[in-house]
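One structure below.
The values are calculated or read from the model by the stated rules, or taken from the named source; none is laboratory data. Small disclaimer: the values here were computed from a predicted structure and weren't measured. Positions of Cβ are backbone-derived with ideal geometry, glycine not excepted, and every protein chain shown enters the neighbour counts. Heads up: the accessible areas ignore ligands, DNA and RNA and are worked out on the full protein's heavy atoms, side chains in. Shrake-Rupley method; radii C 1.70, N 1.55, O 1.52, S 1.80 Å.
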Amino acid sequence: MARSSSGLVAGLTAAALAVVGFLAYQASATAPDRPGKPSNPSAVPSAQASGGPKQKPRNPLTVPAKSGVGVRVVYSLGDRRVWLVGEKAQLRRTFQVMPSTVSPQPGVYPVTSRSGTVPGSDGVPIEHVVRFASVGGVPIGFSAARDGSMASPDPEKKTGGVRMKRADGDALWKFAAIGTRVVVVP
């Protein structure tokens, strides 16, 4: 009896080690290249979520295809990135952002209002607010926290502030006047 139970334990141990090894391999295959910085945003395109073909990471200096022409702000929900595109398709600036809990649908929106400094819906003082959409009564706009923070929003609150660093907020404020087109892409 002792001999068969030790064989059972050895078999279970070997099986457990095989499973752990497989899971470690999977984790290493999907780990970011640089620790501390996510390689992909948390919003995963449906093809990736369903196990379909993986997309190549987009070059951040390349404005997304099918984002229109002319002067515009391009906001990619999946890349968590904004591009400021000037005349003659000149890329003026690109930067990462922290999305809010409420996001607009892909489409084209005009900048509808701007505010220099106001309290954010999360209580954080913000500046250079550039609003362009509303979803279910929640105004959506770009802003920078005056303390420079870009923390993830509280998932329990409905907020529409797309946060960026202060220098990026300054650039967007100077670029996006009332009526400037904001193109939201997946």
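In this structure, THR117 and GLU156 have a Cβ-Cβ separation that, at R0 = 30 Å, corresponds to a calculated FRET efficiency of about 0.70. Can you work out the FRET efficiency for the pair GLN105 and ASP147, with r the C-beta to C-beta distance and R0 = 25 Å, to the nearest 0.05? Step by step, r from the Cβ atoms, then E = 0.25. When only the Cβ of Lys, Arg, Asp and Glu is charged (+1, +1, -1, -1), the dipole of the range 69-124 relative to its Cα centre reaches about 220 debye. GLU87 accessible area, nearest 10 Å², 1.4 Å probe? Roughly 130 Å² of GLU87 is accessible to a 1.4 Å probe.
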